[in-house]
Amino acid sequence: MYKQYIIFRVVKLPQIHNRIALFRAERGMSRRALAEAVGVNPQTIGYLERGDYSPSLELGMKLAAVFDAPVELLFSFTPFESVASALRRAAE
């Protein structure tokens, strides 16, 4: 008798960087308020902001809608420039 084996290949997905905390702070919005607006637990917002969790497409689009911003302004596969660096560059 033959044994069947299932082999899983682990694929490392690229890290998704985000500006959720920046947009939230700019609007004076708490994690709880943002979580309620998009229908998730406030802990989920914390996980997203720290980069511990990558959002689903649906959640990413809901977040973009709340901030009235394109998804590309909130999420990226490459790190965003820091606010301090952007301000220094603008002052030059």
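The values are calculated or read from the model by the stated rules, or taken from the named source; none is laboratory data. Fair warning: this is a prediction, and the values are worked out from it, not measured in the lab. A quick note on method: Cβ atoms are made from the backbone with ideal geometry, for glycine too, and the neighbour counts reach across all protein chains shown. Surface accessibility is based on the protein's heavy atoms, side chains included, excluding ligands, DNA and RNA. Shrake-Rupley method; radii C 1.70, N 1.55, O 1.52, S 1.80 Å.
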### Query
Among the candidates T44, T78, which residue alone is β-branched (V, I, T) and surrounded by 11 or more Cβ atoms within 10 Å (Cβ to Cβ)?
T44
### Message
Among the residues in the range 29-38, are any touching a Lys or Arg at 6+ places or on another chain (Cβ under 9 Å), of a type in the set (S, T, Y) and surrounded by 10 or more Cβ atoms within 10 Å (Cβ to Cβ)?
### Response
yes
### Query
Where residues in the range 1-39 are among the aromatic types (F, W, Y) and at pLDDT below 95, which of them is nearest to the chain's Cα centre (by Cα)?
F8
### Query
Among (1) of a type in the set (V, I, T); (2) closer than 15 Å to F80 by Cβ; (3) open to solvent by 90 Å² or more (accessible area, probe 1.4 Å), which single condition is I7 missing?
(2)
### Summary
Reported set for the range 32-49 where residues are under 17 Å from A64 (Cβ atoms), assigned to a helix (DSSP H, G or I) and not acidic (D, E) is A33, L34, A35, A37, V38, T44, I45, L48
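Looking for something small (G, A, S) and not in a helix (DSSP H, G or I) - is there at least one such residue anywhere in the range 55-64?
Scanning the range 55-64, I find at least one residue that is small (G, A, S) and not in a helix (DSSP H, G or I), so the answer is yes.
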### Query
List the pairs whose first member sits in the range 65-83 and is of a type in the set (S, T, N, Q), whose second member is surrounded by 13 or more Cβ atoms within 10 Å (Cβ to Cβ), and whose Cβ atoms are under 8 Å apart, counting only residues at least 6 apart or on separate chains?
S76/I16; S76/H17; S76/N18; T78/H17
